1. Out of all the residues in the range 151-181, which are surrounded by fewer than 18 Cβ atoms within 10 Å (Cβ to Cβ), more than 27 Å from L31 (Cα to Cα) and of a type in the set (D, E, K, R)?
2. Restricting attention to helices (runs of 4 or more DSSP H) lying wholly within the range 1-94, give those where 1 or more residues are within 25 Å of A154 (Cα to Cα).
3. Which condition number in (1) aliphatic (A, V, I, L, M); (2) within 25 Å of R244 (Cβ to Cβ); (3) assigned to a strand (DSSP E or B) is the one that L338 fails?
4. State whether the residues of the range 264-284 include one that is more than 19 Å from Q191 (Cα to Cα) and surrounded by 14 or more Cβ atoms within 10 Å (Cβ to Cβ).
5. Yes or no: the range 117-128 includes at least one residue that is farther than 30 Å from V13 by Cβ, in contact (Cβ under 8 Å) with a residue 60 or more places away in the chain and buried (at least 19 other Cβ atoms within 10 Å of the Cβ).
6. Considering only residues that are farther than 19 Å from Q65 by Cβ, surrounded by 15 or more Cβ atoms within 10 Å (Cβ to Cβ) and in contact with an Asp or Glu (Cβ under 9 Å, 6 or more places away or on another chain), which ones fall in the range 97-116?
7. Evaluate the following for A88: is it open to solvent by less than 20 Å² (accessible area, probe 1.4 Å), under 19 Å from L320 (Cβ atoms), among the aliphatic types (A, V, I, L, M) and touching a residue at least 12 places away in the same chain (Cβ under 8 Å)?
8. Quick check on my filter: what residues within the range 51-79 are surrounded by 14 or more Cβ atoms within 10 Å (Cβ to Cβ), hydroxyl-bearing (S, T, Y) and either modelled with pLDDT of 90 or more or under 19 Å from the mean Cα position of the chain (by Cα) (or both)?
Amino acid sequence: MSTKDRWLLPEGVEEILPADARRAEALRRGLLDLFEGWGYELVMPPLIEYLESLLVGAGSEFDLQTFKVTDLLTGRLMGMRPDMTPQAARIDAHYLKRSAPVRLCYAGSVLRTRPDEFGGSREPLQFGAELFGYAGSQADAEILSLMIAALRLADIREAHIDLGHVGVFRGLAAQANLGAEREKDLFDALQRKARDEVDALLAGSDASAAPKRMIAGLLDLSGGQEVLARAREQLRGAPEQVIRALDELEAAVNLAMQRPGAPSFYFDLAELSGYHYYTGVVFSAFVPGHGRAIARGGRYDGIGRTFGRERAATGFGADLRQWLRLTATPTAALTGILAPDSGDATLQAEVTRLRAEGRRVVMRLAGDQSPASDFGCDQELVNKNGRWVVQPVK
């Protein structure tokens, strides 16, 4: 690398400069305060840990997204966390060991080998909330409602909430006895809404006509809450797992709709994002102009099993960097008080007092004559009749 290029960062890695850093920190604090108000306790998992612990129960997609390094102290392979959810599950299962439901939240950097979208970040500032130890629909509804409250706090307007349940496709695929490879191909085709490909894959299977028709019909089961009634009609005769999945989805949505300010929900029973990770109700938030979800969550029971304690689990997560680009809240102007370069004891005492009140005070350095605006100051400390007073910058 030439000398002139030494300032360049790797693709998908970027700094957050002062104005946006203030916005990011204000949003992070607001979100964590919101989570605390709902009873969620903050945890701070490590950025790096042994690979077998980091990826246990997380699925192959996390393995592909993980930067790996060798620990020079032990020779063991370590990984930089690509997601904080499994870490929160380990904390619940292995360290807290509470019998009551546990609510945890987090906010911090994660590292990924490739961005989730073109031009996206490989170092998201992930935040999220997880609820462990309760298998009922109330937990799904609470997490869904908390995600909606977080979107409102961030002033992200026109958010569109999309819901589904992975148990519908899982039950139909098991009934059709598709085989692992064909099920994977069919899952990919459903995700892309590739109807011709779905039809071709089903035509090549040995399944009977009814399961094929039901699977293909998932592509048409999208829309408002009337979709659930249509699904029950179209999937009549489906395995019990499918009917139970529809019941769970409807129960969670009905509970969420009882909360003040609940938005309209959109259902898509062919939406299978995180299929190999989630086990139940799934939900995503979308905004116009973005093809990928800006927040995602759902039920992922059993992840704690590999840590010695199987627990029901549901949660959601999002990228603070992405939300900063979407929020309608403008950057607040930087304000402050500029104090002169002086060793005056009364001046130092006044600066200390102002800072203790939470005021931002910038001290001039010896010989510096830069204007107050260069320091983000709109006021200054001046000596009037032996007293230091704050006044607007002239």
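1. Quick first cut of the range 151-181, residues surrounded by fewer than 18 Cβ atoms within 10 Å (Cβ to Cβ) only: 152-153, 155, 157-158, 160, 174, 177, 179-181.
Now drop any that are not more than 27 Å from L31 (Cα to Cα), which leaves 174, 177, 179-181.
Within the range 151-181, just E181 meets the criteria.
2. On the way: elements: 18-37, 51-55, 60-64, 85-90.
Correct list: 18-37, 85-90.
3. Going through the list (1) aliphatic (A, V, I, L, M); (2) within 25 Å of R244 (Cβ to Cβ); (3) assigned to a strand (DSSP E or B), L338 breaks only (2).
4. The first filter runs over the range 264-284 and keeps only residues more than 19 Å from Q191 (Cα to Cα), leaving 264-265.
Right, trim to surrounded by 14 or more Cβ atoms within 10 Å (Cβ to Cβ) and you get 265.
Scanning the range 264-284, I find at least one residue that is more than 19 Å from Q191 (Cα to Cα) and surrounded by 14 or more Cβ atoms within 10 Å (Cβ to Cβ), so the answer is yes.
5. First, pick out the residues of the range 117-128 that are farther than 30 Å from V13 by Cβ: none.
No, because not a single residue in the range 117-128 is farther than 30 Å from V13 by Cβ, in contact (Cβ under 8 Å) with a residue 60 or more places away in the chain and buried (at least 19 other Cβ atoms within 10 Å of the Cβ).
6. Within the range 97-116, V102, R103, L104, C105 meet the criteria.
7. On the way: open to solvent by less than 20 Å² (accessible area, probe 1.4 Å): yes; under 19 Å from L320 (Cβ atoms): yes; among the aliphatic types (A, V, I, L, M): yes; touching a residue at least 12 places away in the same chain (Cβ under 8 Å): yes.
Answer is yes for this residue.
8. T66
The values are calculated or read from the model by the stated rules, or taken from the named source; none is laboratory data. As the structure is a computational prediction, the values presented were derived from the model and not from experiment. Cβ atoms come from the backbone with ideal geometry, glycine included; neighbour counts cover every protein chain shown. Side chains are part of the model used for accessible areas, which takes the heavy atoms of the whole protein and leaves out ligands, DNA and RNA. Shrake-Rupley method; radii C 1.70, N 1.55, O 1.52, S 1.80 Å.
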